[in-house]
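To start, the structure itself, in structure tokens.
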Amino acid sequence: MDYDEAFTLEQVYHLANAVGELNEEGEVELYQLFQIALAFDDGHQLQILNFKSLWYYKNAIPAYESADNVYATKDGIFTVDINEAKKYSKALCKALASNDIETASKHLCEYISKKLYKIFEVDLREKLIKQVAKDLPQQSSMIFEALDNNEIELY
């Protein structure tokens, strides 16, 4: 990038998000490098980063395993980490087992909120949040109808 070129707002989002997530140990995740590459786009036309990882450490007590999937574009970074999913699933099941619907709902909302936060552009994120709020009641009625008609497998 030439010195006389200014960053676009989109490039600033990518760079700020990447720098903001760097940890103190100096370790850099692949998706963070992707964000930095997007910020300093010099014409390489990088569009998407998609990777999956799985690891197992048998010498730990107890043995440790994990997996994740990362899909990143200029709009956001979307990840699924099995340890995070397990944490939310356990909390959700615990709340449901005690018939604590309010806590269960809060766990689901927190999980979704963390996913929405990974959309870089604030205006785009806000539009999506408003649309999800509008769509959720309709989706709820569709789920109830599908359950009544045995159209959803419950396993």
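The values are calculated or read from the model by the stated rules, or taken from the named source; none is laboratory data. All of these numbers come straight from a predicted model, not from anything done at the bench. All Cβ positions, glycine included, derive from the backbone under ideal geometry; neighbour counts span all protein chains shown. Just the protein is used for accessible areas: all its heavy atoms, side chains included, with ligands, DNA and RNA removed. Shrake-Rupley method; radii C 1.70, N 1.55, O 1.52, S 1.80 Å.
A few comments on the model shown:
- The stretch 81-96 residues that are closer than 11 Å to Ala67 by Cβ, paired with ones that are modelled with pLDDT under 95 and surrounded by 13 or more Cβ atoms within 10 Å (Cβ to Cβ) (beta carbon under 7 Å, 6 or more apart): Asp81/Asp68; Ile82/Ser66; Ile82/Ala67; Ile82/Asp68; Asn83/Ser66
- In the stretch 61-78, the count of residues that are open to solvent by less than 80 Å² (accessible area, probe 1.4 Å), modelled with pLDDT under 85 and not in a strand (DSSP E or B) is one or more.
- Residues in the stretch 79-103 that are of a type in the set (Val, Ile, Thr) and part of a helix (DSSP H, G or I) were compared, and the one that is least open to solvent (accessible area, probe 1.4 Å) is Thr103.
- Scoring Asp2 on the criteria (1) surrounded by fewer than 14 Cβ atoms within 10 Å (Cβ to Cβ); (2) modelled with pLDDT of 70 or more leaves a single failure, condition (2).
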